[in-house]
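First up is the structure itself, then whatever we jot down about it.
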Amino acid sequence: MRVQSREIIHEHQELLSALFAEYRLNLLRVSGFDPQRPKASRRRMVSFADRIPSLRIAVDLKTQLFRNTARRWNLNTVHDIDAVSLAVPYCHVVVPDREIADLLDRSHAGPSNGTRVLRGLRDLPDALADLTVRAREQPQGHDDGWVGEGEAFCMDLAGLVPSVSSGAGTQRSD
């Protein structure tokens, strides 16, 4: 609960405040706070936070990290956790460093979010090949989270290169 509260305050308070203001809400109202039943309010707040995948992953990984008091950690590790907590719920594949991969394995964040966590770049070509097969099998216009509205897959490098170079504003001159 404390790690979760810290995560909300330090990482999401500004965004939540803006969102709540837009809808004329506040955290007490959203969580159903009842001063006569503070423990019930706590459970509702935890339940609310657990429904935000990136928050759940960050809390689980930081809890795993801080649980081992013999291990020294640094701020870079916390930044890595923040990065993968945003990537894991929204990407099919992530390739973190060894320490973060271990934390992700212990927390089961990858399988829980349908994300493949790789231990090294050597495994990436096979993972991308599997994704390419899955993408080709998707019916055109079928949206199950693979592509945004009105977008399509680019399945080969020849089709990708012109779109990147035209959007980037720089072209190679050989």
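Could you list, in sequence order, the residues of segment 115-151 that are at pLDDT 60 or above, loosely packed, with under 10 Cβ neighbours inside 10 Å and over 23 Å from the mean Cα position of the chain (by Cα)?
Passing the criteria: 133, 136, 137, 139, 140.
Could you tell me how many of the residues in segment 8-62 are within 23 Å of the chain's Cα centre (by Cα) and under 26 Å from residue 108 (Cβ atoms)?
Number of matching residues: 24.
Looking at 57, 8, 81, which is the one that is over 15 Å from residue 103 (Cβ atoms), of a type in the set (Val, Ile, Thr) and surrounded by 16 or more Cβ atoms within 10 Å (Cβ to Cβ)?
The unique qualifying residue is 8.
List, please: which pairs have Cβ atoms under 7 Å, are six or more places apart or on different chains, and start with a residue in segment 88-109 that is surrounded by fewer than 15 Cβ atoms within 10 Å (Cβ to Cβ) and end with one that is assigned to a helix (DSSP H, G or I)?
97/80; 106/64
Being without any contact (Cβ under 8 Å) to a residue 12 or more places away in the chain, in contact with a helix residue (DSSP H, G or I) (Cβ under 9 Å, 6 or more places away or on another chain) and of a type in the set (A, V, I, L, M, F, W, C) is the filter here, so list the residues in segment 59-82 that pass it.
The one that is without any contact (Cβ under 8 Å) to a residue 12 or more places away in the chain, in contact with a helix residue (DSSP H, G or I) (Cβ under 9 Å, 6 or more places away or on another chain) and of a type in the set (A, V, I, L, M, F, W, C): 73.
Can you name the condition, by its number, that residue 8 falls short on among (1) assigned to a helix (DSSP H, G or I); (2) in the same structural domain as residue 135 (by TED's automatic domain parsing); (3) farther than 30 Å from residue 130 by Cβ; (4) among the β-branched types (Val, Ile, Thr)?
(2)
The values are calculated or read from the model by the stated rules, or taken from the named source; none is laboratory data. Owing to the predicted nature of the structure, the values given are computational and were not obtained by experimental measurement. Every residue, glycine as well, gets a Cβ built from its backbone with ideal geometry; the counts of neighbours run over all protein chains shown.
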